[in-house]
Amino acid sequence: MLEAELESGVIAKRGIDIVRGEGCHIWDADGKMYLDMGASYGVCNVGHCNPRVVRAIEEQAKKLIYVSSSYDNGSRKELMERLLSVSPPGMSRVFLCNSGTESMEAAIKFAFGKTGRRGLVAAKRAFHGRSLGSLSLTFNPSHRQGMEGCLLPVKFANFADMDSLRGIVDEETAAVVLEPIQGEGGVHVPPEGYLRDVRNLCDEMGALLIVDEVQTGLCRTGDFFAIQHEGVTPDVMCVGKSLGGGLPIAAAVLGETMGQMEKGSHGSTFGGSPLACAAGVAALEFMEEERLDLRAMELGARFMEGLLEMEHPLVREVRGRGLMIGLELKVRAGPYLSALLERGIAAIPTGATVIRFLPPLVISEEDIDDAVQTIGEVLNG
Amino acid sequence: MTEDCPVCGADIANNGLLTNELIPCPDCGSDLEVIALSPFKLEPAPEEKEDWGE
């Protein structure tokens, strides 16, 4: 029986059985190797089966796999300390959970609790998750279809447009929620100063700033977190994907402005399990020691330069920062994604015309150059 | 050469477009697909149902 016949049906299956991963490569059951240019949706920033992460998991699994967060645990404490140490200045507490969407759910509740307000403002084209709270902040109507009447009321502004934002942020706004660089919406980088202006507007209106760093965070865009590019400190920062080096763990990182949340106001059974935290500590250590932020900046520039140099007539625009890159075509991207997969390059679409590249940050210059060449060949048909 | 937007009727010019190119209508923002160049013909471009997911 095929996996697609067992799975609920919500997942678009590729029909490829992946059995092994190492660094930026994955292999199928027939031994075919793929360059994972999507890092499995941005989860594998430190590479597949990073040896340091594997070792940490082995060692922790022999000692303690799970204990409730009601009890202290060294791995959990170390992860929170490390995460705060790489976060923007003024971030002081952490809520641990299991996925990016859970971190956004926590952020929404914390914002409601802290401000007493109920208004939320997000951006058009935003993606913040698919559970009901985070879906409320996700703009794409196709994700929201069928959930009408079940979602929180959210006002949407044009992304990177302060006039549009000023028009809808008011005294009822609990929080403005933004991705520092929109990912699922097509890889859109805002102009310099936009995030600082949003921060100032939030302060002026008494609203909180929640940034969704689930995809942009952890060195992906050339800084540890994309919001650090503008030197902005948010009130809540959502982190996920590669935090556990491949194991599920995520966090809502809270600024000093948030204070301490009320006991029992939120929780997570598996959030902060010692096993996932040990993996997270190893992943963060690797990111810091190997300077994956700088690596993303340098290799991202090389990759973007290669794509731009193609000057291909099917390419409308190349945009991004670090190793978060969107290649917008003039035509539908689907056939080209399939052709790339056939040629051993696994990338991700966003919208009808954009191919998104989020490779593991351990990717080599040679792999980037090979990918550029293959992309050119595939576009040439 | 121009063609009416099939959604809102706005005039859209063919300034070097390609067959199967997807463009937004400058008036209503609807996604449109260039079906043919001669004669110039546009149709609404429905979002493909295949979701590669996130």
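The values are calculated or read from the model by the stated rules, or taken from the named source; none is laboratory data. Predicted, not measured: the structure shown is a model, and the values here were computed from it. Here Cβ is always computed from backbone atoms with ideal geometry, including for glycine, and neighbour counts include all displayed protein chains. These accessible areas exclude ligands, DNA and RNA; they are computed on the full protein's heavy atoms, side chains included. Shrake-Rupley method; radii C 1.70, N 1.55, O 1.52, S 1.80 Å.
Taking the criterion of being within 14 Å of chain B (Cβ to nearest Cβ) and under 19 Å from A:Ile363 (Cβ atoms), the only residue of the stretch A:283-325 that qualifies is A:Met324. Listed by position, the strands (runs of 3 or more DSSP E) contained in the stretch A:152-257 that have at least 3 residues being within 14 Å of another protein chain (Cβ to nearest Cβ) and in contact with a strand residue (DSSP E or B) (Cβ under 6 Å, 6 or more places away or on another chain) form an empty set. A:Ser92 meets each of the listed conditions (1) hydroxyl-bearing (Ser, Thr, Tyr); (2) within 14 Å of chain B (Cβ to nearest Cβ); (3) part of a strand (DSSP E or B) apart from (2). Looking across the stretch A:341-356 at every residue that is in contact (Cβ under 8 Å) with a residue 40 or more places away in the chain and not in a loop (DSSP other than H, G, I, E, B), the one that is surrounded by the fewest Cβ atoms within 10 Å (Cβ to Cβ) is identified as A:Leu341.
Each residue in the stretch A:182-195 was checked for being under 14 Å from A:Val232 (Cα atoms) and within 12 Å of the chain's Cα centre (by Cα), and 0 pass. Only residues that are among the small types (Gly, Ala, Ser) and open to solvent by 40 Å² or more (accessible area, probe 1.4 Å): list them for the stretch A:100-130, please. Residues satisfying the conditions are A:Gly113, A:Gly116. Within the option set A:Arg321, A:Arg316, being of a type in the set (Lys, Arg) and surrounded by 21 or more Cβ atoms within 10 Å (Cβ to Cβ) holds for one residue only, A:Arg321. Residues of the stretch A:340-379 that are more than 14 Å from chain B (Cβ to nearest Cβ) and either modelled with pLDDT under 95 or out of contact with any Leu (no Cβ under 9 Å at 6 or more places or on another chain) (or both): A:Glu342, A:Arg343, A:Glu366, A:Asp369, A:Gln373, A:Glu377. The single condition among (1) among the small types (Gly, Ala, Ser); (2) open to solvent by 30 Å² or more (accessible area, probe 1.4 Å); (3) outside any loop (DSSP other than H, G, I, E, B) that A:Ala283 does not satisfy is (2).
Restricting attention to the stretch A:1-19 and to residues that are open to solvent by 90 Å² or more (accessible area, probe 1.4 Å) and either under 22 Å from A:Cys49 (Cα atoms) or touching a His at 6+ places or on another chain (Cβ under 7 Å) (or both), the residue that is farthest from the other protein chains (Cβ to nearest Cβ) turns out to be A:Val19.
Restricting attention to the stretch A:357-375, the residues that are surrounded by fewer than 16 Cβ atoms within 10 Å (Cβ to Cβ) and in a helix (DSSP H, G or I) total 5.
Would you mind stating whether A:Arg332 is within 10 Å of chain B (Cβ to nearest Cβ), more than 22 Å from the chain's Cα centre (by Cα) and modelled with pLDDT under 95? Against the criterion (within 10 Å of chain B (Cβ to nearest Cβ), more than 22 Å from the chain's Cα centre (by Cα) and modelled with pLDDT under 95), A:Arg332 qualifies.
For every residue, the table says whether it meets (1) β-branched (Val, Ile, Thr); (2) in contact (Cβ under 8 Å) with a residue 12 or more places away in the chain; (3) in contact with a helix residue (DSSP H, G or I) (Cβ under 6 Å, 6 or more places away or on another chain).
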position	(1), (2), (3)
A:Asp170	no, yes, no
A:Ala175	no, yes, yes
A:Pro180	no, yes, yes
A:Gly185	no, yes, no
A:Pro191	no, yes, no
A:Leu195	no, yes, yes
A:Arg199	no, yes, no
A:Asp203	no, no, no
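The selection criterion, being open to solvent by less than 60 Å² (accessible area, probe 1.4 Å) and outside the structural domain of A:Val189 (by TED's automatic domain parsing), holds for A:Val46. Checked against (1) modelled with pLDDT of 85 or more; (2) within 12 Å of chain A (Cβ to nearest Cβ), B:Asp4 passes all but a single condition, namely (2).
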